[in-house]
Amino acid sequence: MTLVALSLHLAGATVLLLYAVHLVRSGVENAYGTSLKRVLARGGERRIYAAASGTVLAVLLQSSTAVAMLASGLSASGYLTLNTSLAVLLGADLGSALVVRVLSFDLGWLSPLLLAAGGLLYLKGRSDKPRELGRMLLGIGFVLMSLKLIGEATLPLKQSDVLPAVVGYLAEDQVTAFAAAMLFTWIVHSSVAVLILILGFAAQGLLPVEAGLPLILGANLGSGLIAMWLTRGFSAEARVAAGNLLFRAFGAAIALLVIGPFSAELQHLGATAAEQLVHFHLAFNACLVIFCLPLSQLAASAVTSLIKSDLKSSEDSDTLARRISALDQALLDSPDAALAAATREVLFMGEVVERMLCPVMELLEHPSPAKIEEIRRLDGYVNRAHRDIKLYLAAIHRGVLDERQSRRGVELIDIAINLEHAGDIVSKTLVEIARDKLENGNNFSDEGWTELKALHASVRDNMRLAFNLLVSDDPVMARKLVREKERVRALVRESHERHLARLRAGRAESVESSNMHLEVARALKEVNSLLATLAYPILKQRGDLLESRLALVKG
């Protein structure tokens with residue numbers, strides 16, 4: 001096999017591996033994304049539970065980066081504290097190491113079975129979850145297939161004259177090997193794929209332990225860099241990624257110093273170079289959990305001081321003030337173009353409402369006059385956009401419109417009205433509760449606060465789902481939004497019942513915060529109900545919406 005053919009073979013196998021990992025992750029997120037967030041919700045501030053949850057989620061998603069993004073988003077919304085989010089990421093890195101260990105076994109015989117079962121489920125499934133399960137099985141099958149292809153591609157390298165020189169150089173210059181693995185991991189955005197490649201080379205006898213150890217450590221640090229890169233520009237999310245990167249950099253630095261003197265001891269980790277490397281990787285991440293979990297609060301304080309809050313009132317206001325409206329008066333003679341412009345402005349309106357809603361839990365936990373004033377200022381932009389959209393759509397309706405255009409105009413007006421109402425609920429109800437809390441100093445009970453954070457996270461997710469629906473008109477997505485409305489109602493009902501039970505038990509914090517708790521839950525439920533109305537026109541046109549409930553139709 002020529003060098004070019006060998007390179008193409010290895011590149012194709014690597015890309016297939018990357019795609020397979022993505023396939024598994026997307027299948028799990030699509031089918032169980034909401035449930036995964038609820039798993040994190042149940043832990044409250046328990047760091048051991050958070051770390052265990054992160055481990056399980058990383059095994060399911062086959063990606064610590066996916067768990068990092070999930071925990072970062074929940075931390076940014078106030079649903080998880082930074083301390084707890086860091087614990088989740090420590091567990092996620094251990095879960096990712098477990099995935100690598102499992103994939104290092106010879107499971108190639110499973111690939112045809114997984115591909116056949118996954119393909120049938122994906123093609124023949126009559127609902128979303130069977131199809132997503134099929135996607136997951138296909139992804140795992142492709143992972144196993146790619147591992148076999150990587151093994152076949154690397155086998156001829158044993159006869160290479162260049163490889164021994166490269167490997168020898170990496171074994172002597174650990175810093176270069178470490179940096180190269182870190183950079184390559186960041187480029188491909190998958191530490192699992194890079195680690196499997198390293199282990200594949202070791203299994204073929206192409207990579208000795210001395211050269212593989214710094215590569216393993218570099219891939220671990222590169223994994224932390226991926227999350228840091230993906231959260232750039234968002235300070236709240238970047239704090240979680242920075243804290244995890246701090247842990248991994250600290251651990252990798254110590255490991256680089258000790259692997260030389262103690263390299264002989266690694267023989268106890270396995271009979272072959274591949275086994276020693278994969279067990280070293282697993283031990284490294286286990287040690288990070290053991291030694292860094294007690295330091296998560298200290299790391300949270302450090303990164304909070306380094307990365308300032310992204311709530312910059314004057315800068316945000318100047319940006320919004322300079323924004324050019326999408327409501328172009330020159331388009332009024334072209335109804336379709338004008339309706340598209342109005343849709344863009346409604347989306348902007350929704351984005352501002354989302355910016356108001358996301359920091360609400362942080363505001364309720366740590367109220368401040370500056371944060372309160374910022375949300376009220378944003379509400380002013382929502383009110384102005386609501387007024388301009390109504391006037392613009394009224395001007396369109398003065399022209400000649402067909403039935404479809406007229407119906408779309410009415411739908412956009414209804415959406416704008418509902419978004420304006422949602423903004424008022426945030427600024428006039430939730431913000432007022434925060435102001436009262438600032439003045440009176442009452443606190444929620446730990447159980448009640450956990451319930452409210454779970455409710456807020458669900459509403460925030462549904463808000464993003466609703467805005468995606470605004471531009472997609474996807475009936476499957478619309479049905480999901482309506483189902484989520486019923487789930488939020490159930491969450492509010494359950495929280496109400498638990499709150500009453502705490503009142504009957506005479507819990508002091510529950511008695512003091514009773515009005516706040518009930519008002520926050522009611523306000524979030526109202527916001528969610530307003531968002532669910534975006535699904536009604538789509539479902540009504542398909543006949544999927546009855547007068548009082550969602551129609552039970554197949555598919």
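The values are calculated or read from the model by the stated rules, or taken from the named source; none is laboratory data. What you see is a predicted model, and the numbers here were worked out from it, not measured in a lab. For neighbour counting, all protein chains shown are included, and Cβ atoms are generated from backbone atoms with ideal geometry for every residue, glycine included. Accessible surface areas use protein heavy atoms only, side chains included; no ligands, DNA or RNA. Shrake-Rupley method; radii C 1.70, N 1.55, O 1.52, S 1.80 Å.
Some values worked out for this structure:
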| item | result |
| --- | --- |
| Solvent accessible area, Å² - residue 450, 1.4 Å probe, full protein context | 40 Å² |
| Two-site FRET efficiency, residue 287 against residue 15, from Cβ-Cβ distance with R₀ of 30 Å, rounded to 0.05 | 0.40 |
| Alpha-carbon Rg with Dmax, taken over segment 402-555, Å | 18.0, 62 |
| Rounded accessible area per residue of segment 177-257, 1.4 Å, Å² | 33 Å² |
| Percent of Cα pairs exceeding the 20 Å cut-off, where the set is segment 167-298 | 44 percent |
| Of the DSSP H helices in the chain, those whose Cα atoms cover at least 24 Å axially and whose Kyte score averages -0.5 or more | 3-41, 82-103, 128-154, 209-230, 235-258, 273-292, 335-357, 369-397, 446-472, 514-532 |
| Protein accessible area in the chain, 1.4 Å probe - carbon and sulfur % | 61 percent |
| Accessible area (Å², 1.4 Å probe, nearest 10) - residue 228 | 60 Å² |
| Over the chain: helical MRE at 222 nm, DSSP H runs n ≥ 4 each giving -39500 (n - 2.57), nearest 500 | -26500 deg cm²/dmol |
| Longest to shortest principal axis, alpha-carbon extents of the chain, angstrom | 78, 57, 46 |
| Accessible area per residue, Å², segment 457-544 with all protein chains present, probe 1.4 Å | 46 Å² |
| Furthest towards positive pole of dipole, 274, 198, 499, structure part the chain, Cβ charges | 499 |
| Rg in Å to one decimal, and Dmax rounded to a whole Å, for segment 365-474 via C-alpha atoms | 18.3, 58 |
| Rg over Rh, two decimals, segment 465-545 (C-alpha only, Kirkwood Rh) | 1.17 |
| Too-long pairs where the Cα-Cα distance tops 23 Å, listed order kept, from 390/485; 124/480; 129/453; 371/480; 371/453 | 390/485; 129/453; 371/480 |
| As computed over segment 321-369, the Cα convex hull volume per residue (Å³) | 76 Å³ |
| Equivalent ellipsoid semi-axes - Cα gyration tensor, segment 170-230, angstrom | 20, 13, 7 |
